[in-house]
Structures are given as structure tokens and as C-alpha cells.
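The values are calculated or read from the model by the stated rules, or taken from the named source; none is laboratory data. No experiment lies behind these values; they were computed from the predicted model shown. Glycine also receives a Cβ, built like all others from the backbone with ideal geometry; neighbour counts cover every protein chain displayed. In case anyone asks, the SASA skips ligands and DNA or RNA and just uses the protein heavy atoms, side chains included. Shrake-Rupley method; radii C 1.70, N 1.55, O 1.52, S 1.80 Å.
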Amino acid sequence: MRRLTERGLKGALFRYQVMANIVGVLIIPLFFFTGLHLWLGGFKPELAIFGVGHGYLYIVYLITAGFLALKARLHIPWILLMFLAGLVPGLTFVVEWLVVTRKIQPLLAAQAGEPVSRGVQ
Amino acid sequence: MAAVRQRWLSGRAISLHVAVLVFVPGCALAAWWQINRAQDGNQLSYLYSVMWPAFGILGLFFWWMLIHTDYENVGLKGTRRRTQTAAATPGSGEATSPSPALIGAEGPAAAATEEDPELAAYNARLAELAAQGPKTWRHRESVVVRRFP
């Protein structure tokens, strides 16, 4: 249990950052190819690949973001913000930057200043 | 009993229950809708009819984890509080749980120096690794194989 919810904050942060960038890049063609074709007509079944790809990678993104939030003990508004950012184009980059600078870096600094937890992260 | 009530019936827990009670049946409805569409011949819906149950299961999992995590002693506030209490009572933090670096550097290695040089070198290597902190992808241990003649 502690392995899931306390240790390995840096690894969880790295996985979250990777998935935030992948999902944030993939949602741009989803909106501007698939979405525009759905709206203006001329939809082809091949265009759905962006929707399905984003949908499945969004599940992986949710897992990484959820575990980062658990390990950093983020509160529910931050968790909702991280989860919903994967559905809006461009927002994952902003939210990832906000989470890292406002929440994770202060926590890592506090943990580094604490002598007891230095060896058992 | 009070702890159970605090865990399951606090304001935060109630809002989590409401969220999961809205979200999981919503996912089940969407999954049912996509399964029906897939049976009507929409091939894309086979993919979505797997995706929606996955969202529901994830919602249940994180609801359970968020109910059962301790927000008092871990995280930014908890870490700062522990640092302050350790600073207020000097020596208590080291006495209760000494760091592995301290054990490796002073305990066994110092005692073994007069016994066996190979064992001392091994312990010094362990202390060096412990001082580097945990092994992660970015801080891999650089394993140096030393042979003693």
C-alpha cells in the first residue's frame, strides 16, 4: 500500500509528464482533423484513429496522473483539473507546468530538507 | 468507530461518494450504449465499448484509494509538520529511524575495518550507494566490479 501511495514520487512525476505530453499532442489532431470534419462534414472512418488513440492513451494518462496525485497528496480540485486537462487541447501543458511548479517541486524540496526520509523515498 | 465515521462520512468523503455514484453509472450507461451500437454494425463502437468500462473501473479504484490515503502525515503539509517536530526535538528523528547512509557510513563499516579489508571495502561501497539515495531511472547506480587479489 505504501509502495503505491507514498514511495517513488519522482518516478510517478516522470511518467505523468510523459503521458501529459503524449496526450496533449494527440488531442490537437483529434480536434482539428476529426472534430472539424465531424462538424463541417466529410468525415472518413480513418479519421477516428485519433479519437480511439486519444481515448486509450487518456486511460493511461488518468492512471499516471492519479498515482502522482496520490503520492503527492494533491487535493480533489487539483485531481479534477489534471483529469479534465486531458480533454481540452493545449491544457495539459499548462496544467502539467502548474502542478509541477506549485505542488511537486515544493514537496520534493521539503522531502530533501527532511533528514529522515532521504534514504527511503 | 469515530475513525470509521471520519473516513467514510467526512465532507470530503461524501463528495467523493457523490462523484463516484454519478460517474460509474454514467460509464455503465455509455458502455451499454456503445455495445448496442456495436451490435447494430458500428465497428468503431467495439473499441469504445471496452473504453467506457475501463473509465468506470478507474473511477472506482481512485475513489477507494482516495478514501484510504492518509493526508495528515504525508504530502507537503505532513512533511513540513514532521520536519518542524523533528527540529523542535533534536535527536528524536535520528533516534527513532536513522537513515541508511548513517548506518552504512559509521556502523558496520567502521567496526569491520580492523577485521577484513575485503569486507571493509564492500561495506564502504554499500555506504557509498546508500549515500546516493534510491536507485531511479535518472540516478542509476554505477556498478564498479572490484576484484581483490
- Note on the structure: Of the listed residues (A:Phe43, A:Phe33), the one being touching a helix residue (DSSP H, G or I) at 6+ places or on another chain (Cβ under 7 Å) and either over 22 Å from B:Tyr48 (Cβ atoms) or within 12 Å of chain B (Cβ to nearest Cβ) (or both) is A:Phe43
- Query: Just checking, which of A:Val60, A:Val95 is out of contact with any Cys (no Cβ under 8 Å at 6 or more places or on another chain) and either open to solvent by less than 50 Å² (accessible area, probe 1.4 Å) or away from chain B (no Cβ under 11 Å) (or both)?
  - Reply: A:Val95
- Near pairs, Cβ below 6 angstrom, 6+ apart or cross-chain, from region B:67-79 (facing another protein chain (nearest Cβ under 8 Å)) to any residue that is of a type in the set (S, T, N, Q): B:Thr69/A:Thr5; B:Thr79/A:Gln111
- Return the total of residues in region B:1-46 being aliphatic (A, V, I, L, M), over 15 Å from B:His68 (Cβ atoms) and open to solvent by 50 Å² or more (accessible area, probe 1.4 Å). 11
